[in-house]
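Let me begin by presenting the structure, written as structure tokens, before commenting on it.
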Amino acid sequence: MHQRESERWLKQAKWDLKAAGDSAAAGNFEWACFQAQQAAEKALKSFLYGVGAEPTRLRSVRLLLERCGELSPSFRQLPRASDLDLLYFTSRYPNALPDDVPHEHFTPTDSKRALALASSVVRVAGAVDAQGRRTRSRDAAPLH
């Protein structure tokens, strides 16, 4: 049960990452940033499912990274990925940005960085087990 759920969450994380790239290519940098945050969040939850830990309703990449890092040292190499938390609200809501709207605020540089951070999380989450060993599951394959 947990392995199947883990695979489902990782698969959706990869689709979210693809959507983030598509949004960036279309000039929707705020959506690319939000989708990157979502990809990282879902990838971390997929790891937790995979090791039999029931993920909470946490949405914080930082807190999920800490929890995953307690189970596998591979996640400790990703501390900057916690910056994705800053995008959760600001990329969607005008009231999160004084005198600006998300679509006009976020830049190609912002989305490129968010995509890079999320990609690293998705790769690690799909490629390690609870002991930090590389796995050979089909979901550990490189992203396209």
| note | Of (1) modelled with pLDDT under 95; (2) closer than 27 Å to His2 by Cβ; (3) out of contact with any Lys or Arg (no Cβ under 9 Å at 6 or more places or on another chain), Val121 satisfies every one except (1)
| Looking at Asp85, Asp99, which one is of a type in the set (D, E, K, R) and under 19 Å from Ser119 (Cα atoms)? | Asp85
| query | Before we move on, is Val51 touching a Ser or Thr at 6+ places or on another chain (Cβ under 7 Å) and not charged (D, E, K, R)? | reply | no
| remark: Counting only helices (runs of 4 or more DSSP H) wholly inside the stretch 1-75, the ones holding at least 2 residues that are at pLDDT below 90 are 2-25
| Filtering the stretch 41-97 down to residues that are under 24 Å from Asn28 (Cβ atoms) and aromatic (Phe, Trp, Tyr), which residue is surrounded by the most Cβ atoms within 10 Å (Cβ to Cβ)? | Tyr88
| task | Working only within the stretch 98-111, note down all residues that are touching a residue at least 24 places away in the same chain (Cβ under 8 Å) and either surrounded by 16 or more Cβ atoms within 10 Å (Cβ to Cβ) or among the hydroxyl-bearing types (Ser, Thr, Tyr) (or both). | result | Pro102, His105, Phe106, Thr107, Asp110, Ser111
| note | Residue pairs qualifying under the 9 Å Cβ cut-off, at least six apart or on distinct chains, with the first in the stretch 70-82 being free of Cβ contacts under 8 Å to residues at least 12 places away in the same chain and the second being surrounded by 12 or more Cβ atoms within 10 Å (Cβ to Cβ) and of a type in the set (A, V, I, L, M), are Arg76/Leu65
| query | Applying the selection to the stretch 76-124, what residues are farther than 13 Å from Glu41 by Cα, assigned to a helix (DSSP H, G or I) and among the acidic types (Asp, Glu)? | reply | Glu104, Asp110
| note | Sole miss for Val128 among (1) within 20 Å of Glu30 (Cβ to Cβ); (2) buried (at least 19 other Cβ atoms within 10 Å of the Cβ); (3) at pLDDT below 95 is condition (1)
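The values are calculated or read from the model by the stated rules, or taken from the named source; none is laboratory data. If you're wondering where the values come from, they're calculated on a predicted model, not measured in any experiment. When we count neighbours, we look across all protein chains shown, and the Cβ atoms used for this are built from the backbone with ideal geometry, even at glycine.
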